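To start, the structure under review is shown below, and the notes come after it.
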Amino acid sequence: MDGRDFMVPSDFPPLQMDVAPQKVPVTLLTGFLGAGKTARLNATLKEGKSRIAVIENEIGALGVDGALVANAHAEADGVIELSNGCLCCSAEVDLVAALEGLVRRHRSGRCLERIIIETTGLADLAPVISLLEDKTDPLAEDLFLDSTVTVVDVSHLLRSSGPCEGPLHSWSSGFGTSASLDMAASMPRAAVPGPGRSAALRTFWRQVAFADQLILSKAEQLGEDEVNHPIQILQKVNPLAEMIVSNDRSIQPLPPPRRTSAPVSAFERLGALPSSWQTIQPAHLEGVECITLRLEGKLFAEDALLRWARGLLQADLEVWRIKGLLQIQGRGLMLLQGAGDQVTLEPWPEAEVHFVVCIGAKGALGAKEQLEVALASCATVMPSLRG
Ligand SMILES: Nc1nc2c(ncn2[C@@H]2O[C@H](COP(=O)(O)OP(=O)(O)OP(=O)(O)O)[C@@H](O)[C@H]2O)c(=O)[nH]1
């Protein structure tokens with residue numbers, strides 16, 4: 001952490017160094033879609049300070065994050081990808097298997113100093129935290145949940161709620177009562193959220209409430225006064241979390257393991273949320289849609305592609321994430337990243353599969369065919385096909 005970062009003190013009691021040193025600390029890295037989880041994971045791996053194993057979980061069948069991490073840090077001590085489902089749902093069994101594999105490796109002498117589990121942006125953490133906090137589970141002999149780190153895109157949090165009027169204002173003035181928190185449920189702007197958006201909001205605020213550490217990303221896009229507003233709100237939802245704010249563009253690594261067990265059970269922290277948000281919804285991804293389009297052999301015009309992605313994200317606050325690997329005319333293979341109102345393209349070395357993944361509330365993306373047609377209009381002619 002450099003001098004430009006600052007921490008907002010939490011109400012946590014002093015930490016006790018009460019965990020046997022040989023146990024492997026597990027960091028649960030979470031945060032809504034596009035908040036900046038992978039960027040911080042990569043910054044941590046690039047430091048190369050310790051032997052870290054990574055478990056990546058993605059919603060779509062095509063894993064981008066696993067490739068992003070492996071590409072950024074070829075020497076990572078193993079990147080295990082659990083694609084096509086949230087850890088809390090279909091991939092829970094895979095998570096146990098992945099952790100058992102890492103424990104075997106640790107016991108055989110290839111000692112690990114840290115395991116980082118990056119969840120999907122829509123993960124409900126309850127089952128994962130229950131598993132990792134279960135002292136009777138055989139995994140507990142070798143590892144322990146060190147901290148839940150939630151990354152929050154504060155610039156999007158502020159923008160999506162309106163500057164002063166509206167839900168965010170209501171929260172900060174009357175927070176703590178169920179009524180004011182119910183108003184939180186109407187964020188972003190729409191008066192009555194659809195099922196997909198409600199599910200996303202519930203998931204977002206549960207991720208915040210479960211956190212031991214909250215990293216406020218994209219804060220450098222806001223003025224100092226603007227940042228204070230979301231900080232106050234996040235503190236009211238989770239007064240125990242240590243808050244880490246970065247005011248510059250460089251992405252800081254994750255904080256090191258704390259080597260302690262949390263003084264307050266993660267589940268007790270949900271008390272600040274409306275009661276209907278305190279329990280997990282069995283089918284919390286219902287109402288959420290993930291469309292993947294394969295794009296091998298297609299070449300895209302940069303301007304048109306960026307316009308398409310910005311248009312999709314801005315037209316409706318129910319489109320949350322666009323991510324892909326595509327060939328761009330004159331630039332080669334590029335990684336497309338879209339979240340909030342930020343869309344970027346960056347060079348990518350190589351990939352066998354070219355595609356775009358779009359995630360949003362059901363119906364917000366339109367039919368897959370419509371997306372295909374819209375994207376086709378951004379494509380240009382492959383050089384080999386020119387006469
Ligand atoms: N300006 C700015 N951009 C950021 C910051 N953190 C992340 N980004 C950018 O936001 C985009 C999404 O970042 P990721 O790290 O991929 O986000 P993620 O949470 O892993 O996304 P999902 O895995 O899809 O949920 C990328 O283009 C990042 O470069 C930040 O603090 N400031």
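If I ask for residues that are away from the ligand (no atom under 15 Å from the Cβ) and either closer than 15 Å to L375 by Cα or basic (K, R) (or both), which ones from the stretch 327-363 would you list? The answer is Q327, I328, Q329, R331, H354, K362.
Put simply, of V24, V19 the only residue that is modelled with pLDDT of 90 or more, out of contact with any Pro (no Cβ under 6 Å at 6 or more places or on another chain), within 17 Å of R258 (Cα to Cα) and surrounded by 11 or more Cβ atoms within 10 Å (Cβ to Cβ) is V24. Within the stretch 110-122, residues that are among the basic types (K, R) have Cβ atoms under 6 Å from residues that are more than 12 Å from the ligand (Cβ to nearest atom) in these pairs: R114/P25; R114/S50; R114/I52; R114/P257, counting only partners at least 6 apart in sequence or on another chain.
Number of residues in the stretch 335-358 that are in contact (Cβ under 8 Å) with a residue 24 or more places away in the chain and assigned to a strand (DSSP E or B) equals 12.
Taken over the stretch 31-66, the criterion of being modelled with pLDDT of 60 or more, assigned to a helix (DSSP H, G or I) and crowded, with 18+ Cβ neighbours inside 10 Å is satisfied by K37, T38, R40, L41, N42, T44, L45.
Hey, does the stretch 319-326 have a residue that's closer than 30 Å to T203 by Cβ, assigned to a loop (DSSP other than H, G, I, E, B) and not aromatic (F, W, Y)? No: zero hits.
Considering (1) modelled with pLDDT of 90 or more; (2) under 20 Å from the mean Cα position of the chain (by Cα); (3) of a type in the set (V, I, T), the lone condition that I328 does not fulfil carries the number (2).
Go through the stretch 197-313 and tell me which strands (runs of 3 or more DSSP E), entirely inside it, have 2 or more residues that are touching a Pro at 6+ places or on another chain (Cβ under 7 Å), more than 25 Å from A361 (Cβ to Cβ) and more than 13 Å from the ligand (Cβ to nearest atom).
Values: elements: 213-217, 242-246, 288-294.
Fully inside the stretch 197-313 and qualifying: nothing.
Tell me, yes or no, whether the stretch 72-88 has at least one residue that is crowded, with 22+ Cβ neighbours inside 10 Å, of a type in the set (G, A, S) and at pLDDT below 90. No; the residues of the stretch 72-88 include none that is crowded, with 22+ Cβ neighbours inside 10 Å, of a type in the set (G, A, S) and at pLDDT below 90. Total residues in the stretch 251-271 satisfying the condition of being crowded, with 19+ Cβ neighbours inside 10 Å and at pLDDT below 80: the figure is 1.
The values are calculated or read from the model by the stated rules, or taken from the named source; none is laboratory data. It should be emphasised that the depicted structure is a prediction, and the values quoted were computed from it without experimental measurement. Cβ sites come from the backbone with ideal geometry, for glycine too, and all protein chains shown count toward neighbours.
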